[in-house]
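Take a look at the structure set out below.
The values are calculated or read from the model by the stated rules, or taken from the named source; none is laboratory data. Computed from a predicted structure; not experimentally measured. Quick reminder, even Gly has a Cβ in these numbers, built from the backbone with ideal geometry, and neighbours come from all protein chains shown. The protein model used for the area step is the full one, side chains on, heavy atoms only, and it has no ligands, DNA or RNA in it. Shrake-Rupley method; radii C 1.70, N 1.55, O 1.52, S 1.80 Å.
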Amino acid sequence: MNQSYHTPVLLKESVDALMIKPNGIYVDCTFGGGGHSRAILEKLGDDGRLVAFDQDEDARRNIPKDPRIIFVPHNFRHLQRFLKLHNIITVDGILADLGVSSHHFDEAERGFSTRFDAPLDMRMDQRQPLTAADVITNYSGQQLHKMFEQYGEVTNSKTLAKTIVELRNTQSLKSIDALKQALRGIVKGNPNRYFAQVFQALRIEVNDELGALKEMLQQIPPLLKPGCRAAIITFHSLEDRLVKNFFRRGTFQETEENPFIMSKSMNELKVITKKPIEPSDEEMKRNPRARSAKLRIAEKVMMV
Ligand SMILES: C[S@@+](CC[C@H](N)C(=O)[O-])C[C@H]1O[C@@H](n2cnc3c(N)ncnc32)[C@H](O)[C@@H]1O
């Protein structure tokens, strides 16, 4: 594990939740610094296997020399496809620790952090073409408004979008400092919090984080063997809501539209955590980045 790359959050809680069988096949959807993967490997025997996904090539440097691990440098939205490539049709457990790693925030040139000046990049997968600068430069006022409202919960998202559209005609807004300077006059409340919300919205959009999460969640029921579990750690309410609803009902809708069609028995997952597990005070003190973490666990039912 590379602690300077990322400190794992809810490590024991999430890995214990998987009830690891020494000869099982497990998936870590978000390898990062490898903290969770290492804890899974420690519980696996010689015949066990771990498939670790990470769409960021930088994560590759943290892979331990271990014949039981297969690294897949791709988006977890293609979970089933890549598992099939390795002749894996069903698995004994799936873990995902969503979002970005500390490495992303600490490397100035990746463009995720409001603490540094750098190009507005924010791509986890640097093979993809869309950057945060492209979003700022090319999205319509309405698209920007919706994005800041929905993904960042920015209070004056309409004014924010309008200001960007006006200013980008006369000046470049492609760097972190340029964007922060341009928005100086419209910041509401605490500037650090305001820019954190603006950056969160851009990051979610650039990486299509909610789209990838939805696609991954839908692959959990067919992939899990009966009686086996998925453990997902989220860091904001938009992600947590998707996981909560999908685990409860097998759909992303807030409420069941027609109880006869969406009957509970159609859901192949059983919720293990009625309320999400949150980090202890001790963990939050030791690792402030764990503050907003929520762990939800579901189990594939034996028979539907
Ligand atoms: C919070 S970190 C995981 C840290 C890891 N559990 C550890 O202990 O070090 C999330 C990681 O998942 C990767 N990631 C995020 N979304 C992804 C996606 N849709 N597909 C593949 N990897 C993703 C990021 O690049 C990042 O390295």
Estimated FRET transfer efficiency (Met303, Ser102; beta-carbon r; R0 41 Å; 0.05): 0.45
Selected from Ala108, Leu50, Gly93, residue furthest toward positive end of dipole (the chain; charges at beta carbon): Gly93
Which ³J(HN,Hα) values, rounded to whole Hz and listed in residue order, are derived for the range 268-274 from phi using the Karplus coefficients 6.51, -1.76 and 1.60 in 6.51 cos²θ - 1.76 cosθ + 1.60 with θ = phi - 60°, glycine and proline given as x? 7, 10, 10, 6, 9, 9, 4
log10 of Debye I(q)/I(0), alpha-carbon scatterers only, for the range 31-176 at 0.09, 0.14, 0.18 Å⁻¹: -0.41, -0.80, -1.07
Net length gained if the chain between Ser4 and Lys162 were fully extended (0.36 nm per residue, minus Cα distance): 52.9 nm
If each of Asp134 and Ile272 carries a label point 7 Å out from its Cα toward its Cβ, how far apart are those two points in nm? 3.8
Which percent of Cα-Cα pairs in the range 156-232 sits in each 10 Å bin, short to long? 14, 36, 20, 14, 12, 3
Charge dipole (the range 135-218, unit charges on Cβ, about Cα centre) - positive-most of Gly189, Ala201, Gln143: Gly189
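With the other protein chains left in place, how much accessible area per residue, in square angstrom, belongs to the chain at a 1.4 angstrom probe?
On the way: 14690 Å² over 304 residues.
Value for the chain: 48 Å² per residue.
Give, in nm to one decimal, the length gained when the segment between Arg127 and Ser172 is fully stretched (0.36 nm per residue of separation minus the Cα-Cα distance).
On the way: separation 45, 0.36 × 45 = 16.20 nm, distance 2.37 nm.
That works out to 13.8 nm of additional length.
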Taking the Cα atoms only, what angle lies between the long axis of helix 157-167 and the longest principal axis of the chain, rounded to 10 degrees? 50
Any idea what the relative contact order of the chain is, in percent, if you count C-alpha pairs under 8 Å spaced at least 6 apart? 18
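With a 1.4 Å probe and all protein chains left in place, how much of the accessible area of the range 5-55 comes from carbon and sulfur atoms, in whole percent? Spell out each step's value before the answer.
Numbers: 830 of 1750 Å².
Reported share for carbon and sulfur atoms: 47 percent.
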Let me know the volume per residue of the alpha-carbon convex hull for the range 148-304, in Å³. 153
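Could you work out the local net charge near Asn207, counting Lys and Arg as +1, Asp and Glu as -1, over the other residues with Cβ closer than 14 Å to its Cβ? The partial results should precede the final answer.
Numbers: positive: Arg77, Arg110, Arg123, Arg127, Arg203, Lys214; negative: Asp54, Asp56, Asp121, Asp125, Asp134, Glu205, Asp208, Glu209, Glu215, Glu239.
Neighbourhood net charge equals -4.
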Cα centre as origin, Lys/Arg/Asp/Glu Cβ charges: the chain dipole, Debye: 440
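Quick one: plug the Kirkwood hydrodynamic radius of the range 1-106 (C-alpha pairs) into Stokes-Einstein at 10 °C, 1.306 mPa s, and report D in µm²/s. Before the final figure, lay out each step's value.
Details: Rh = 13.7 Å.
Result for D is 116 µm²/s.
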Mind grabbing the base-10 log of I(q)/I(0) for the range 96-148 at q = 0.29, 0.30 Å⁻¹? Debye formula, identical points on the C-alpha positions, no solvent, two decimal places. -1.12, -1.14
Describe numerically, in nm with one decimal, the distance between label points set 7 Å from Cα along Cα→Cβ at Lys225 and at Lys21. 0.3
In the chain, once you exclude exposed GluC sites (Glu not before Pro) (DSSP loop, at most 10 other Cβ within 10 angstrom), what's the longest stretch remaining? 1-253
On the accessible surface of the range 88-148, probed at 1.4 Å, how many percent belong to carbon and sulfur atoms? 52
Restricting to Cα atoms and excluding each atom paired with itself, what does the Kirkwood estimate give for the chain in Å? 20.4
Dividing the mean separation of Cα pairs under 8 Å (6+ apart) by the residue count of the range 100-196 yields a relative contact order in percent of 24
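Past 27 Å, Cα to Cα, is the threshold; run Lys158/Lys275; Lys158/Lys244; Lys158/Lys294; Lys274/Lys300; Lys146/Lys180 against it and keep the listed order. Walk me through the intermediate numbers first.
Working: Lys158/Lys275 34 Å; Lys158/Lys244 29 Å; Lys158/Lys294 30 Å; Lys274/Lys300 15 Å; Lys146/Lys180 20 Å.
As for pairs spanning more than 27 Å Cα to Cα, those are Lys158/Lys275; Lys158/Lys244; Lys158/Lys294.
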List the residues of the range 232-249 whose backbone N lies under 19 Å from a point placed 7 Å from the Cα of Gln150 along the Cα-to-Cβ direction. 235-246
Using label points projected 7 Å from each Cα along Cα→Cβ, tell me how many nm separate Asn87 and Asp46, to one decimal. 1.9
